[in-house]
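Inspection log for the structure reproduced underneath, given as structure tokens.
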Amino acid sequence: NLRVSIVTENFILSGYRFPDYSLLQCLVSAFRPTNETGNFWTHFLPIFVFAFHFLEIFEWEGAPTPGDPFFYPAWNYFIGVFYLLLASSLAHLLNSMSLIIREICFFVDYGTIKLPSLVSSSPSSSSTSLLYRYAVRTLVFLLPFFISSTPVFYRLLSPLPSPPCPTLPAPPPPPTMASFFYRHCFWLLVSALFNISKVPERFSPGNFDIWGHSHQWFHCCTFLSILDELHMIKVEMRALLLHPSLVLSPAAPPELPGPTLSSTYGVMMLLQGCIASIIIWFGRCAYQIYAPQQKLLKTQ
């Protein structure tokens, strides 16, 4: 059956929604036992957990107002994570409307992680093994980690400047930020292992079709890594807010340029525009590939 060959995954034997659902049926399916139910909730509920921990920064004593330029980078980070979790949950919820919408859903999903992931979601030849496909996709997902963590590596390897005055309180112990970062790395590694190995369903096909299959654990571990990343950022923000002289090197310029709308929101909108243009391009390719097959499905 054409629908089965396109939608099914190895080791998942039941619980599938095939690409002929209406929008209402997709929304209702969030409360029915399908193999996508857990995939939806494991990234939709974390939106509220993440928002709760993020909004705590505005309750700090002496913190500026939420609209202050000091918080521009934090708001950009929040918007990015919010968009990532929402796009992922909606992709799993709405992907059964049609084959074309299924592809576009995951183009958007991978696009929220970073631009090169779109390549890994394009149709692949049947000769490519399942393990190799998921290994490549996982490695592409990990690419932003090495790029965005460069300042963290510098921070961990650089000694903290000495307090300019002995009466000032001591800086936060380095292991505080480091511990969050190492735990963040641990959760990323575990999530990659789940995504590549397809455990536990690989060892017990059919028993984890609805709850507990590898993609749900992948979602949980990636969110735990995001949460530790947020805690790590909050540690540095609080230190910078309370004692900037204990965070910035004495060799730094006396007045560093602060965040601006163009250097934060402007850059974010530029990148999102680039990602959107590539999603549109891939969407057109998906339409050309799957439109004939979608018509065939309607006749079956």
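The values are calculated or read from the model by the stated rules, or taken from the named source; none is laboratory data. Fair warning: this is a prediction, and the values are worked out from it, not measured in the lab. Ideal geometry is used to build each Cβ from the backbone, glycine not excepted, and the neighbour counts take in all protein chains shown. Side chains included, ligands, DNA and RNA excluded: accessible areas come from the protein's heavy atoms. Shrake-Rupley method; radii C 1.70, N 1.55, O 1.52, S 1.80 Å.
Taking the solvent-accessible surface of protein heavy atoms with a 1.4 Å probe, what is the per residue accessible area of the stretch 182-238 in Å²?
Roughly 45 Å² per residue, with all protein chains present.
Quick check for you: with a 1.4 Å probe and neighbouring chains kept, what is the accessible area per residue of the stretch 1-98, in Å²?
Here the per-residue accessible area is 49 Å².
Rule-of-thumb check for the stretch 1-94: C-alpha Rg over 2.2 N^0.38 Å?
Output field value: 1.51.
Kindly state, to the nearest 0.05, the FRET efficiency for residue 288 paired with residue 75, given R0 = 41 Å and r defined as their beta-carbon distance.
0.60
Using the beta-carbon distance between residue 52 and residue 30 and R0 = 22 Å, what value does 1/(1 + (r/R0)^6) give for FRET efficiency, to the nearest 0.05?
So the FRET efficiency works out to roughly 0.55.
Students often check this: by mean Cβ neighbours within 10 Å, which of 285-296, 223-234 ranks highest, and how do the rest follow?
The densest-packed peptide leads the list: 223-234, 285-296.
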